[in-house]
Every structure is written in C-alpha cells, then in structure tokens.
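Here's the structure, in structure tokens; my notes come after.
None of the figures in this text is laboratory data; all of them are computed from the coordinates on show. It should be emphasised that the depicted structure is a prediction, and the values quoted were computed from it without experimental measurement. Methodologically, a virtual Cβ is constructed for each residue, glycine included, from the backbone with ideal geometry; neighbour enumeration extends over all protein chains shown.
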C-alpha cells in the first residue's frame, strides 16, 4: 500500500520553548508521531548538533539557541489483545510477525542425537537467511 500526501500547509507556526518557527507541513497518513522533521526543513537550519543517544537536537534560529528533546526509546512491551485489536482497526500496523520458540522434545525414535536440544536458542544464534 502506498501512502500519499493528503495536503500541504505553507506556513504553520511550531512553538518550541525558546522560539516559534514557521514551517511548511505535508499532511501524511502516518501513525506514532506528531511531527516528522524532514531533510528539506532541516537543511534550512544550517549547522545543528544531534545526539542520538539522548535523543536531542541543538540549533540556532533568529539568534536564539534551541534544543529539541525527543523521547527515549524503551524496550518493547507485550500488547494486550485489546491494544492489538485497536492498532489493527486504526491501520497503525504495517506488518505483524510472530516467532514462537519451543524446546524440542527428546524422542527415543530419533537416530541423530545432534538434532535434539532442550534449550531455546538465543535469537542471535539463529542462522541468517
């Protein structure tokens, strides 16, 4: 499925703690973010410093020093069935994958003992395809 721009706003005021920026906005059907700072707009800032571990971005605009702070990434948490259903019905899920790792049961019928394991492998130990 392709996403298309559904509109364009030429001058939208975006207020940050030390300044108000007037920037163009493309309206896109995306989920999970209020604003996406595009490369085209970032080029208008000139030099800026970005810290991806924090995450933050520092730049000067109209003589003011500005710092934007993003939210720190957190480890994924399991969804409830209700949350998953809501995401599914609001088209907030692009793809869904499920991997279930179960230990193999020891069997006396098997002739090759190297194929039997009682351990669940670490995901990094799985062969690459």
Inter-site label distance for residue 52 and residue 71 at 7 Å from Cα along Cβ, in nm
2.1 nm
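Between residue 85 and residue 30, what is the FRET efficiency for a Förster distance of 30 Å, r being their Cβ-Cβ separation, to the nearest 0.05?
Details: r = 21 Å, r/R0 = 0.69.
It comes out at approximately 0.90.
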